[in-house]
Structure formats: C-alpha cells, structure tokens
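First the structure, in the form of structure tokens, and then the observations on it.
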Amino acid sequence: MNKKLVIAALAGIMASSLTTATYAAGDANKEKCYGIAKAGKNECKAADGSHSCAGQATKDNDPNDWMMVNKGECTKMGGMLKS
C-alpha cells in the first residue's frame, strides 16, 4: 500500500476522533440541536448515518443533522434536542 495514503487515512481518522471528543466533552453551555442546520452547514455526521462529516447536509432543517447552540436556545429556534 502507498505509505502516503495510509498516513493520510490515519490522519483523517484521528482528526475525526478529536472533533467528536471535543463535542462530547464540549462546552457545558452548548447543546446539539437537530433540525435547524441549513444545507452544507451541519456540525458533524447525521444521526441516521446518511453522511459522516460536517458540511454534508443536503437539505435545510433535516431532523438528522445538527448544530451546536447555546443551551436553552434549540427549541426557541424550532429545533429538537434529539433526532
């Protein structure tokens, strides 16, 4: 296998893990809000597994895509705390 390809793949996996860990540990004043992300503006993977990365939402307000918002703001914005 090409050494550069393997290194690039591992770097991508590590970056993805760090992003997930950051959201998991995250700011105590933030929460995931489903159904408010605009197409291409989601934070991370979709709840239904339709894509696995930020910025891959294909339609506005998909209930499976989410964004981080200030705690208590999600429902005010028309979103949901669960997918």
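Tally up the residues in the stretch 24-40 that are surrounded by 14 or more Cβ atoms within 10 Å (Cβ to Cβ) and either in contact with a Lys or Arg (Cβ under 6 Å, 6 or more places away or on another chain) or not β-branched (Val, Ile, Thr) (or both), please.
Adding up the residues that qualify gives 8.
Residue by residue, here is whether (1) of a type in the set (D, E, K, R); (2) outside any strand (DSSP E or B); (3) at pLDDT 60 or above holds:
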| residue | (1), (2), (3) |
| --- | --- |
| Leu5 | no, yes, no |
| Ala9 | no, yes, no |
| Ala24 | no, yes, no |
| Ala39 | no, yes, yes |
| Lys45 | yes, yes, yes |
| Ser52 | no, yes, yes |
| Gly55 | no, yes, yes |
| Met67 | no, no, yes |
| Lys82 | yes, yes, yes |
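When only residues in the stretch 44-63 that are crowded, with 18+ Cβ neighbours inside 10 Å and not small (Gly, Ala, Ser) count, which is nearest to the chain's Cα centre (by Cα)?
If we take residues in the stretch 44-63 being crowded, with 18+ Cβ neighbours inside 10 Å and not small (Gly, Ala, Ser), then Cys44 is nearest to the chain's Cα centre (by Cα).
The values are calculated or read from the model by the stated rules, or taken from the named source; none is laboratory data. This is a predicted model, so every value here is computed, not measured. Note: ideal-geometry Cβ built from the backbone for every residue, glycine included; neighbour counts use all protein chains shown.
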